[in-house]
1. So, of the residues in segment 76-92 that are under 20 Å from V111 (Cβ atoms) and of a type in the set (A, V, I, L, M, F, W, C), which turns out to be surrounded by the fewest Cβ atoms within 10 Å (Cβ to Cβ)?
2. For segment 24-35, what are the residues that are assigned to a helix (DSSP H, G or I) and aliphatic (A, V, I, L, M)?
3. Enumerate the pairs (first residue in segment 73-93 and at pLDDT below 95; second residue anywhere and among the acidic types (D, E)) with beta-carbon separation below 8 Å, excluding pairs fewer than 6 apart on the same chain, so at least 6 apart or on different chains.
4. For segment 107-119, enumerate the residues that are under 15 Å from L16 (Cβ atoms) and either modelled with pLDDT under 90 or of a type in the set (S, T, Y) (or both).
5. Can you go through T121, T146, T133, T91 and tell me which one is over 28 Å from S45 (Cα atoms) and under 16 Å from the mean Cα position of the chain (by Cα)?
6. Of all residues being of a type in the set (G, A, S) and either over 13 Å from A86 (Cα atoms) or crowded, with 24+ Cβ neighbours inside 10 Å (or both) in segment 100-114, which is nearest to the chain's Cα centre (by Cα)? Just the residue, please.
7. If a residue must be part of a helix (DSSP H, G or I) and crowded, with 18+ Cβ neighbours inside 10 Å, how many such residues does segment 56-75 contain?
8. Provide a single number: the residues in segment 137-161 that are over 15 Å from L31 (Cβ atoms) and among the small types (G, A, S).
Amino acid sequence: MSNLDLALSVALGIGLAAATGFRLFLPLLILSGAAYTGHVSLNESFAWLGTPAAIIMLATAAIAEIAAFYIPGIDNLLDALAMPGAVLAGTIASAAAMTDLPPMIKWTTAVIAGGGVAGITQGLTAMLRAKSTVLTGGLGNSVIATAELGGASLISLLALTAPLAALAVVVLFLWLAFRLVRRLANGAHRSSNQ
């Protein structure tokens with residue numbers, strides 16, 4: 001495997017992992033469909049992801065998850081439960097996509113980079129939804145749910161077609177989200193001091 005192939009494999013894995021931070025099942029469904037149609041090769045331990053049964057299971061879970069995030073109150077509950085799921089899904093997505101790597105390197109990268117970026121993405125979106133709930137009484141949460149759905153779809157598809165571009169989008173998103181969270185935290189701190 002060349003250095004470029006290695007970089008693309010890792011970028012694909014990290015891109016898909018970040019997308020699982022927005023929605024757990026949609027990126028895995030997209031990966032499953034791409035594997036089933038032969039557009040992406042999976043690590044042989046994850047060949048089951050490219051089966052019709054996996055596609056049906058993931059499609060059902062993705063539809064239920066997407067719908068649930070549009071229900072005020074349920075969306076915040078799901079955010080509280082989603083952190084471990086996002087880390088696990090990010091680890092699985094990145095490990096499945098990283099082919100031809102020695103197991104120690106693959107799993108270390110999958111857990112740290114894949115699970116880490118999924119957890120950070122999920123945590124940031126949960127903070128934004130919590131702030132939206134406070135500011136809008138939950139009425140603005142559907143905007144965040146739509147943005148998360150778009151982010152999960154865009155980054156998943158971009159990771160499959162242009163992994164390095166997907167990685168750049170993930171880095172940009174994380175930078176912007178950290179700035180927004182910091183601004184919101186500073187605004188809350190200033191208002192509590194007045």
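The values are calculated or read from the model by the stated rules, or taken from the named source; none is laboratory data. Bear in mind the structure is a predicted one, so any value in this text is a computation, not a measurement. As a convention, Cβ positions derive from the backbone with ideal geometry for all residues, glycine included, and neighbour counts pool all protein chains shown.
1. Taking segment 76-92 first, the residues under 20 Å from V111 (Cβ atoms) are 82-92.
So of that shortlist, the ones also of a type in the set (A, V, I, L, M, F, W, C) come out as 82-83, 86-89, 92.
Numbers: A82: 25, M83: 15, A86: 28, V87: 23, L88: 17, A89: 25, I92: 22.
Of everything passing the filter in segment 76-92, M83 is surrounded by the fewest Cβ atoms within 10 Å (Cβ to Cβ).
2. First pass over segment 24-35, keeping only residues assigned to a helix (DSSP H, G or I): 25-35.
Those that are assigned to a helix (DSSP H, G or I) and aliphatic (A, V, I, L, M): L26, L28, L29, I30, L31, A34, A35.
3. Close Cβ pairs (under 8 Å, with a partner that is among the acidic types (D, E)) amount to L78/E65.
4. The answer is T109, and nothing else.
5. Just a single option satisfies the conditions, and that option is T146.
6. Among those that are of a type in the set (G, A, S) and either over 13 Å from A86 (Cα atoms) or crowded, with 24+ Cβ neighbours inside 10 Å (or both), it is G114.
7. Number satisfying all stated conditions: 4.
8. 8
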